[in-house]
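The structure appears below as structure tokens.
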Amino acid sequence: MKNNKVIATIKADVGPDQIAFTMNRKLAYVTTDNNVLVIGIHSRRILKKIQAGRKPIGVAITPDNKFAYVGNEGDNTVSVIKLINNKVIATIPVGIKPGIVAITKDSKYAYVANFGENTVSVIRIRDNKVIKTLKVGNAASGLAIIPL
């Protein structure tokens, strides 16, 4: 980023959308129309394609670097990927057209913006359960968690 130059282009699947980096900055997780790609930052290569739900959009990695949460717009679910082996370990039903995911700094909760119904699903990470659905304004297409 020092010189603001493109240093490499990695050919991803159709429709790359969101990207999240592991805390050690060794891997990037990229959502595409059909998969979640695991990309080696230093090798600049696709290391694995993970089949999540239909049309994965948002991706966020827990600060403890154990899991990735992926909002799947095509089937109204969130896929939970265990990072140590890059396997989907849970599929959580949420609201309509989930997209962007944000995770609390303590890795206890994931928040998912449901664009299709103007809600945010709150997922308790320890058991991957939706514990609350919050009604929000029109077109809930993004969110962020700001530490206090």
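Bear in mind these aren't lab numbers, they're just calculated from the coordinates by the rules spelled out. Worth saying up front: this structure is predicted, and the values here are computed from it rather than measured. Counting neighbours? That spans all protein chains shown, and the Cβs are built from the backbone with ideal geometry, glycine included.
For the set K97/K132; K5/K55; K49/K132; K105/K132; K55/K82, the pairs lying more than 28 angstrom apart at their alpha carbons are K5/K55; K49/K132.
The GNM of the chain, with springs linking C-alpha atoms under 10 angstrom apart, assigns the highest mean-square fluctuation among G71, G99, G15 to G15.
Note on the chain: with a GNM built from Cα contacts shorter than 10 Å, the maximum mean-square fluctuation among V38, V59, V101 falls on V38. Each of G53, S141, T31 was placed along the dipole of the chain (beta-carbon charges, centred on the mean Cα), and the one lying farthest toward the positive end is T31.
Which trypsin sites (Lys or Arg not before Pro) from the range 1-67 combine a DSSP loop assignment with at most 15 other Cβ atoms within 10 Å? Passing both the DSSP loop test and the Cβ count: K2, K5, K11, R25, K26, R44, R54, K66. Taking 0.36 nm per residue of separation and subtracting the current Cα-Cα distance, fully stretching the chain between K135 and K108 would add 7.6 nm. Applying the criteria of a DSSP loop state and at most 15 other Cβ atoms within 10 Å to the trypsin sites (Lys or Arg not before Pro) of the range 88-148 yields K105, K108, R126.
Per-residue extension of 0.36 nm, minus the Cα-Cα distance of V88 and K49, leaves a gain of 12.9 nm for this segment. Of the residues T91, T9, T31, the one with the fewest other Cβ atoms within 10 Å heads the list, and the complete ranking is T9, T91, T31.
In this structure, K66 and D13 have a Cβ-Cβ separation that, at R0 = 41 Å, corresponds to a calculated FRET efficiency of about 0.95.
One Cα centroid belongs to the range 81-148, the other to the range 45-80; the line between them spans 11 Å.
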